[in-house]
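Peer 1: The structure under discussion is supplied below as structure tokens; questions concerning it will follow.
The values are calculated or read from the model by the stated rules, or taken from the named source; none is laboratory data. Here the structure is a predicted model, which means the values were calculated and not measured. Reconstructed Cβ throughout: ideal geometry from the backbone, glycine too, with neighbour counts over all protein chains shown.
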């Protein structure tokens, strides 16, 4: 009796356990199915197909799609409009990113101080524009910045700073910079929150210990805060740079790339080529796809180079690389 | 969690305990620090007010006539002209766009949060054949160049016959399953004790029942964060609904609708600002009440 019980028990266990395991595996796949289907439809398929389309000549509305090989790319590298818009996006990244990351760090350091009573209210206010829809911000800002009747020009004229109203969006030399500032203002709060999250990782005890040793505010900043922030800086710079490449909604709503294409960033160029060609020309979906793929690859290389450079520069064991860097900023394509 | 905790200790969501604590802040800071704080506040108050001025301007202009708006900086007004809202809702079809947006946002939240909860649950709690492959495949989504995915999505929606209904936009908004939400759910479910499952199994509960009645109810904070992530995405998204409704103006969402109206109502700032207020207010009010979750869902991106 006592000899057979363990054996029986084991047999029952394996049978029941095996059944349970198998049924569990089946449930696991069932649970994964919806996410896999959605991702296949809206991430993988479009990703692959945008490369396929980039080798096609296709106006989109009819089914006459013809394979042209690399002709789109060959045309692209000679397209002045493409490179000009590429350059404007580069301005967004190269000017917008350091300014935003730097100012947001300054503000975050100030707002992180607990002695500041109104800190929470300030955070809320600086974060507020992040919540708003970019296209609606763009529309509203065309009013706010309007040379006729807009409040900003009313202030400027009223205080005697300018003689004539400033055409923030109608002046070809100004439009891009206006868009850059509005985009930076709208998304500033995201970068600030990133920095605040990073600052929260600095243990309070470090400061206390250093203060006991007689360290001043600057020494605390220089020797405790900044070294801890370095690994976060990489991620924050990459995320902010990425966001600066995606200024479509704001620019489209404010200037549509005008005047005279002078504020046409890359996403506007691609959109115009694909969906809104001027002068009644046919849409060129294949060509737009090629521009998108070219641009997407360039972006990726840029991000990788950034990671690589900082890793080499820092040479630290723990770089705090996140598992995932995509997704969070509202409105960023996922 | 502690790393993400962007709130200062308990000031914003629990004001009462703060008051209950006997003089906390005063004693902790030196005189010099307090002087610094006062100086900083004096600098930051005007800056912060200027920062949100466009919103104040929009809100107050929405109850003014054009004559009162034009050239005026002063946000205050003596008469509230609600007619702008009626005009925006009826003539400018903001009512339709508003309901479209509610539909798209609501259902895309339902779809996206459900799918990422299901996926996060099995990734966080179970080991099964092919798990590594699936994780690897999802990592690819993050690291491959995007291309211009909107064109294939546009084409796909057309092909599956959803281009004429709001479901096309809804599915596409829910589509690129948010990896952040999946990771949040996986991390949360993964750290829950296995005993919960075992005791439920003894009681005869199956896989589905264990998920739905034991684990899911515990995941309320993560669910809230995932809902808010998707809410921000769906309510505000622009390019996707713009392209998908190019030939179907009646399916526009608010952010597309207001953009499309700006030429027609170019000179009617009262109506346009009323329309913008209708679009901005829901998400801003929600944000003011649920700040913690909003901030957390955004800060998640830099979690080390």
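Peer 1: Being within 16 Å of residue A:249 (Cβ to Cβ) and without any contact (Cβ under 8 Å) to a residue 24 or more places away in the chain is the filter here; which residues of the stretch A:173-193 pass it?
Peer 2: Residue satisfying the conditions is A:181 alone.
Peer 1: Further question: Cβ contacts < 9 Å: first residue closer than 25 Å to residue A:72 by Cα and more than 7 Å from chain A (Cβ to nearest Cβ), restricted to the stretch B:138-151; second residue surrounded by 16 or more Cβ atoms within 10 Å (Cβ to Cβ) and at pLDDT below 80, any location; separation 6+ or different chain. Result?
Peer 2: The qualifying pairs are B:143/A:326; B:150/A:333.
Peer 1: Hey, another quick one. Quick test of your reading of the structure: residue B:129 fulfils all but one of (1) loosely packed, with under 13 Cβ neighbours inside 10 Å; (2) farther than 29 Å from residue A:22 by Cβ. Name the failing condition by number.
Peer 2: Single failed check for residue B:129: (2).
Peer 1: Let me ask something additional. Go through the stretch A:298-320 and count every residue that is surrounded by 14 or more Cβ atoms within 10 Å (Cβ to Cβ) and modelled with pLDDT under 70.
Peer 2: Within the stretch A:298-320, residues that are surrounded by 14 or more Cβ atoms within 10 Å (Cβ to Cβ) and modelled with pLDDT under 70 number 3.
Peer 1: If you don't mind, there's one more thing I want to ask. Looking at the structure I just gave you, is residue B:213 part of a helix (DSSP H, G or I) and either in contact (Cβ under 8 Å) with a residue 24 or more places away in the chain or closer than 30 Å to residue B:261 by Cβ (or both)?
Peer 2: no
Peer 1: Moving on. Is there a residue being surrounded by 21 or more Cβ atoms within 10 Å (Cβ to Cβ), over 24 Å from the mean Cα position of the chain (by Cα) and without any contact (Cβ under 8 Å) to a residue 24 or more places away in the chain anywhere in the stretch A:125-142?
Peer 2: Taking every residue of the stretch A:125-142 in turn, none turns out to be surrounded by 21 or more Cβ atoms within 10 Å (Cβ to Cβ), over 24 Å from the mean Cα position of the chain (by Cα) and without any contact (Cβ under 8 Å) to a residue 24 or more places away in the chain.
Peer 1: Does residue B:122 satisfy being out of contact with any strand residue (DSSP E or B) (no Cβ under 7 Å at 6 or more places or on another chain) and within 9 Å of another protein chain (Cβ to nearest Cβ)?
Peer 2: Yes.
Peer 1: Could you tell me which of the residues B:150, B:157, B:134 is under 16 Å from residue B:179 (Cα atoms) and at pLDDT 85 or above?
Peer 2: So the residue among B:150, B:157, B:134 that is under 16 Å from residue B:179 (Cα atoms) and at pLDDT 85 or above is B:134.
Peer 1: Could you pull out the residue among B:88, B:117 that is in contact (Cβ under 8 Å) with a residue 24 or more places away in the chain, crowded, with 16+ Cβ neighbours inside 10 Å, within 30 Å of residue B:196 (Cα to Cα) and under 26 Å from the mean Cα position of the chain (by Cα)?
Peer 2: B:117
Peer 1: Right, here's the next one. Could you list all residues from the stretch B:240-258 that are surrounded by 21 or more Cβ atoms within 10 Å (Cβ to Cβ) and assigned to a helix (DSSP H, G or I)?
Peer 2: The answer is B:240, B:241, B:242, B:244, B:251, B:254, B:255, B:256, B:257, B:258.
Peer 1: A further question follows. Given the criteria at pLDDT below 70 and surrounded by 12 or more Cβ atoms within 10 Å (Cβ to Cβ), does residue B:12 qualify?
Peer 2: yes
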